[in-house]
């Protein structure tokens, strides 16, 4: 059975790659069905834009291509939800009770995103291609961008912005691994990866060019594009020289580590108190 499923997936991949190179096929109903099949598998969690294998994250570029190809084959339509009306190409996700997901009014997830059992969506937004793991809370006005990968038992606090990515197709999505805490108004974009159990204090902004500086030891250690596991991070600045003078430029500071504790809630609470992190 496993070999049969693998063959089907490889066959699907070949079809998507073929359509990508021959856009005239988008007018053909048969090829439209291949694209729709990929989006359905994303919606059901049978396929992911990115997955972890032997400790390394792998990006399925062909799946991102299918998401991009899905837009031109969809027609604009009016979507009515009670007194609310939308006009879009992508339908909304449904059947939350069956999925075991709690959805507070004004939370919206697009079809083609996967929301695992036990997730809580406060008034928030989850875009197509995204994956949200079990036990995660997407808090009020937080956004999960297209193809972003959010692990299990993550807390995305109020107003958090998790960036989306479709093009270039080889670009990695933002990845928030299991048991992370992302503080209020944090912004994580451009494929930055937050490793397991990390804590971001309020207002941390991370891009691929952001300097992430570990200042917890006697010598600063700099990272780019990745927050190491169990790191406790706050906003910071460093001095940069410009032709007009020296100015303070934003960075992120790693000020310590969460304890490698089996009680993750206790570990988080201790880290927030010990390092006086605003969340």
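The values are calculated or read from the model by the stated rules, or taken from the named source; none is laboratory data. What you see is a predicted model, and the numbers here were worked out from it, not measured in a lab. Every residue, glycine as well, gets a Cβ built from its backbone with ideal geometry; the counts of neighbours run over all protein chains shown.
Taken across the range 21-35, residues that are under 24 Å from the mean Cα position of the chain (by Cα), free of Cβ contacts under 8 Å to residues at least 60 places away in the same chain and assigned to a helix (DSSP H, G or I) do occur, with at least one present.
Report whether or not residue 123 is at pLDDT below 95, more than 25 Å from residue 35 (Cβ to Cβ) and either surrounded by 13 or more Cβ atoms within 10 Å (Cβ to Cβ) or assigned by TED's automatic domain parsing to the domain that holds residue 180 (or both). Steps first, please.
Details: at pLDDT below 95: no; more than 25 Å from residue 35 (Cβ to Cβ): yes; either surrounded by 13 or more Cβ atoms within 10 Å (Cβ to Cβ) or assigned by TED's automatic domain parsing to the domain that holds residue 180 (or both): yes.
Considered against the rule, which asks whether it is at pLDDT below 95, more than 25 Å from residue 35 (Cβ to Cβ) and either surrounded by 13 or more Cβ atoms within 10 Å (Cβ to Cβ) or assigned by TED's automatic domain parsing to the domain that holds residue 180 (or both), residue 123 comes out as no.
Of all residue pairs spaced 6 or more apart or on separate chains, those with beta-carbon atoms under 8 Å, a first member in the range 1-14 that is in the same structural domain as residue 46 (by TED's automatic domain parsing) and assigned to a helix (DSSP H, G or I) and a second member that is at pLDDT 80 or above and surrounded by 11 or more Cβ atoms within 10 Å (Cβ to Cβ) are 9/47; 12/34; 12/37; 12/38; 13/62.
When you scan the range 39-127 for strands (runs of 3 or more DSSP E) that lie fully inside it, which ones turn up with 1 or more residues that are in contact (Cβ under 8 Å) with a residue 24 or more places away in the chain? Talk me through it step by step, then tell me what you get.
Working: elements: 50-53, 56-59, 77-81, 84-88.
In the range 39-127, the matching strands (runs of 3 or more DSSP E) lie at 50-53, 56-59.
Restricting the range 141-159 to residues that are surrounded by fewer than 22 Cβ atoms within 10 Å (Cβ to Cβ) and free of Cβ contacts under 8 Å to residues at least 24 places away in the same chain, the residue that is farthest from the chain's Cα centre (by Cα) is 141. Of all residues in the range 1-28, those satisfying the criterion of being farther than 13 Å from residue 66 by Cβ and modelled with pLDDT under 95 are 1, 2, 3, 4, 5, 6, 7, 8, 10, 11.
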